[in-house]
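One structure is given here, and the rest of the page talks about it.
The values are calculated or read from the model by the stated rules, or taken from the named source; none is laboratory data. As the structure is a computational prediction, the values presented were derived from the model and not from experiment. Don't worry about glycine lacking a Cβ; one is built from the backbone with ideal geometry, like all the others, and counts go over all protein chains shown.
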Amino acid sequence: MKPIRPTAAFVSLDDIAHNLNAFRSLLPAETELMAVVKADAYGHGAVDVARHVLSAGANRLAVAVVDEAIELRRSQIGAPILILGHTAPDMADLVARFGLSAAVMEPDFALALSDAGVRNNRRVKVHLKVDTGMNRLGVRPHEAIGFAEFVNNLPALDLEGVFTHFASADAPDLTAARHQLGRFLNVCEGLASRGLRLVRHAANTAAIISLPESHLDMVRLGIGMYGLYPSRHMAGCLGLRPAMSLRSHISMVKWIDDGERVGYGGTFVAQGPRRIATVPVGYADGYSRQMSNRGRAIVSGTVVPLVGMVCMDQLMLDVTEVDCRPYDEVTLLGSSANAALSADDLADIIGTINYEVTSSLGPRVPRIYMRKNREVAGRSLLGRWD
Ligand SMILES: Cc1ncc(COP(=O)(O)O)c(C=O)c1O
């Protein structure tokens, strides 16, 4: 069923394929590409993005948590899926039953997962996570070999891969990332000398771009696939195309008098008569309340200021300077005529990063998938359509 809401995120599948190919061109043919579709594919919609990137040449998928992987399996996606995050032992049965791969970093979980594999009569592929400097998840390098041998001896586990994650591959100074890579390669050599030849992976988007020596056997491509850059100093390279735009329409327009206030708390005070447009998108959709009195949107090809507090379901724009009427389109993210508002622009306004802008978009916002400028599929609270 199609959405009945005017506020929707449009996702260009052509742009996602274009971005994937741009990264593919940096990699040797034998290097695998794992598409990171966690957090609902950074807000773009995990199921549709996963299907599309697999058909466009991604070899595997990665998510953060078990539920995300199960959503993909329930949508008949059979490709290898790695759960990158920490999985607790009580989730082991689900990992085995849904044919998922998990990151392993603790004996309790490895044991539980092997037991689950035995119980379900399935072998479970696991990837050893090594913490080389992020100090978040993973075994410490000096523990890696002992732990790998322990995992490898468990009856139902196949130790397939080993990976690490960079803390600052997006920084202009790559000293720390190179240091992490050195530690990781040491671990990999130690594993290989014990006969454990595993799929080695480390590179995220930033490292794929700036640290070719980290490509190894597989890369994990996230933000770049969606057409966004992990940091400003990389902007423009590879000609990435942002895949998402967020659009709505004007629900009402009205003139207010000098000194009148707008929105909860009356935080915006009109300096002279102002024309105010109301737009049906709010913080419950993932449009940050921190945008209050600071955000921007495009109306009639012109960037206009957001006034007053962002409400749960609505926001207000000052459209005094533009010619517009109810039902005219409002672009909150993306381009319209010659104006553009990028995820980086929005992120800068509220002091965050582009990752947070797209991945904050909530389930109430329908996702509409476009190919060659035509709508080909979608998903809303009412269901999916193709
Ligand atoms: C372990 C891991 N690998 C890969 C990625 C992808 O990173 P990026 O989106 O910067 O490409 C992430 C994302 O945060 C991650 O947590």
Item checked: Arg5 vs. criteria touching a residue at least 40 places away in the same chain (Cβ under 8 Å), of a type in the set (Lys, Arg) and within 16 Å of the ligand (Cβ to nearest atom) -> no
Check: If you check Asp258 against the conditions, is it out of contact with any strand residue (DSSP E or B) (no Cβ under 6 Å at 6 or more places or on another chain), buried (at least 18 other Cβ atoms within 10 Å of the Cβ), of a type in the set (Asp, Glu) and under 30 Å from Val299 (Cα atoms)?
Finding: no
Check: Does Ile349 satisfy being in contact with a Gly (Cβ under 7 Å, 6 or more places away or on another chain), in the same structural domain as Val279 (by TED's automatic domain parsing) and in a helix (DSSP H, G or I)?
Finding: yes
Notebook entry, point to check: When only residues in the range 201-232 that are farther than 22 Å from Leu191 by Cα and β-branched (Val, Ile, Thr) count, which is farthest from the ligand (Cβ to nearest atom)?
Noted result: Ile209
Check: Looking at (1) part of a strand (DSSP E or B); (2) farther than 23 Å from Asn152 by Cβ, which is the one condition that is false for Glu71?
Finding: (1)
Checklist line | Residues within the range 118-144 that are more than 16 Å from Ser101 (Cβ to Cβ) and surrounded by fewer than 18 Cβ atoms within 10 Å (Cβ to Cβ), tallied | finding: 9
Margin query: Given the condition of a type in the set (Lys, Arg) and under 24 Å from Asn354 (Cβ atoms), answer yes or no: does some residue in the range 28-48 qualify?
Written below: yes
Notebook entry, point to check: Just checking, which of Asp40, Asp48, Asp15, Asp93 is surrounded by 16 or more Cβ atoms within 10 Å (Cβ to Cβ) and touching a Gly at 6+ places or on another chain (Cβ under 6 Å)?
Noted result: Asp15
